[in-house]
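Reviewing the structure listed below.
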Amino acid sequence: MAFVSACQEPYLNEALDASEKIPVLSSRLSNLDALNTFELYYAMPYTETKKEYVPTDLVVISDGEGNQYQLTETAKGQYSFPLEFTPHTNTIYTLEVHLPNGEILKSEDQELKDTVAVEIIFFEYNTLSTVEKNADGEFFTLDRQGIILQARLNQPQHDLWYRARADYYVHSQTRNRRSREYVVSEGDYNYIYEIRYDTVYDVYEGFTNTEFPKIGNLSADINYSPSERTVIPMFLPADPDCYNFSLYTDYEFIEWVIPVDIYQCDKNIYQYYEEAGEQLQASGQIFDPIPQQLTGNVFNVGDESSPVLGLFDVSSVNRQYYSVYKYESLGYRMYRGRRLKDTVISAGWYPKWYQVDTFLIDSVLTY
């Protein structure tokens, strides 16, 4: 009888000193203002939870036409983009950070490409099987029923690198009732009335999808089938009979409202997410991939060998809203979906309608 064994060498990155303060830059630029972010802090040991932010003298974005736009610090390490800055597609952008010690952190040039054309968004209620690992390290198959959201892209006219993701809102309704009593005196009687104020609210509760974005690439030289052009931005586990929605809301459930984002980015940004995904989504493999350092596309201008971790993510976004709601017919409950008109959904309570009713409660003889 023969035994075969194998092992992996422990991962040691000799280029990085654990005691060294390494700046970490995270910034996103897109055609949607709400997605534009910038954050700068020092890399933290695994035992630390509080970020140590990096002071700066200047943070600017340059376009390919010689224009510069200065970002404004809103909190330690966090910056906002200027109001006059409007990103344009087919334009090159570069991020530059000046530190108090004279060092300059700079990104590689990134092009904001056109948005991805989406042919259709649809869903199916089905079973999704995933391979999971339990506390003992054993793998098992988990079957869950739910909403499988799908977006079908158009046949690309040029080579395309993309990622897809979706958050969601639970749209429900609740009634808020207030009342007030008043007395009307007429002769020998006092009449007691009650006024009831009913307000029905549309309630939107926002939830973040924490799954890693789905990524892919398409070539303009290949004529893809519809299934090959289809990506799944999100899976929502759901009760098959639409009865138990207490996981999402305390109110009567009406529908999910889902903003679907399809990003088009440069090849190097795609490769960054691909390498990150290999590290995060390794379950189900006999041997997990060996960890590797994700350095991104930011470097130190004066010393390119000086370690800088960061990503200036320039991606155009096609955002479309889709809803899935319960539908009752002939005593059965089922799901239906519809594509919403372009709009902006935000969490909160929004009055739907008011109703005021007056009721006679009692009449009291006054003598």
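The values are calculated or read from the model by the stated rules, or taken from the named source; none is laboratory data. As the structure is a prediction and not an experimental result, all values here were calculated from the model. Reconstructed Cβ throughout: ideal geometry from the backbone, glycine too, with neighbour counts over all protein chains shown.
When you check K341 against the structure, is it at pLDDT 85 or above and surrounded by fewer than 10 Cβ atoms within 10 Å (Cβ to Cβ), yes or no? Spelling it out, K341 is indeed at pLDDT 85 or above and surrounded by fewer than 10 Cβ atoms within 10 Å (Cβ to Cβ).
What are the residues in region 95-124 that are closer than 30 Å to Y325 by Cβ and in a strand (DSSP E or B), if any? Hits for region 95-124 are V118, E119, I120, I121, F122, F123, E124. Among all residues of region 185-202, there is at least one that is in the same structural domain as M234 (by TED's automatic domain parsing), closer than 17 Å to V324 by Cβ and in contact with a strand residue (DSSP E or B) (Cβ under 6 Å, 6 or more places away or on another chain). For region 113-131, the count of residues that are closer than 16 Å to N297 by Cβ and surrounded by 11 or more Cβ atoms within 10 Å (Cβ to Cβ) is nonzero.
Being buried (at least 17 other Cβ atoms within 10 Å of the Cβ), under 25 Å from the mean Cα position of the chain (by Cα), modelled with pLDDT of 65 or more and in the same structural domain as N176 (by TED's automatic domain parsing) is a condition met by no residue of region 290-300. Of the numbered criteria (1) out of contact with any Ser or Thr (no Cβ under 9 Å at 6 or more places or on another chain); (2) surrounded by 13 or more Cβ atoms within 10 Å (Cβ to Cβ), the one Y162 fails is (1).
Across region 130-164, the number of residues qualifying as over 11 Å from V116 (Cα atoms) and aromatic (F, W, Y) comes to 2. Just one of the listed residues (N101, N67) is among the polar types (S, T, N, Q), over 25 Å from the mean Cα position of the chain (by Cα) and under 19 Å from Y42 (Cα atoms), namely N101. Note on region 178-192: residues that are in contact (Cβ under 8 Å) with a residue 60 or more places away in the chain and assigned to a strand (DSSP E or B) total 6.
Among the residues of region 315-367, those that are assigned to a strand (DSSP E or B) and among the charged types (D, E, K, R) comprise R319, K326, E328, R333, R336, R338, R339, K352, D357, D362.
For L83, work out the one condition from (1) loosely packed, with under 11 Cβ neighbours inside 10 Å; (2) touching a residue at least 40 places away in the same chain (Cβ under 8 Å) it doesn't fulfil. Failing condition for L83: (2). Being hydrophobic (A, V, I, L, M, F, W, C), surrounded by fewer than 19 Cβ atoms within 10 Å (Cβ to Cβ) and assigned by TED's automatic domain parsing to the domain that holds V344 is a condition met by no residue of region 92-109.
Look at (1) modelled with pLDDT of 90 or more; (2) more than 26 Å from T199 (Cβ to Cβ); (3) among the β-branched types (V, I, T) and you find that I361 fails only one, number (2).
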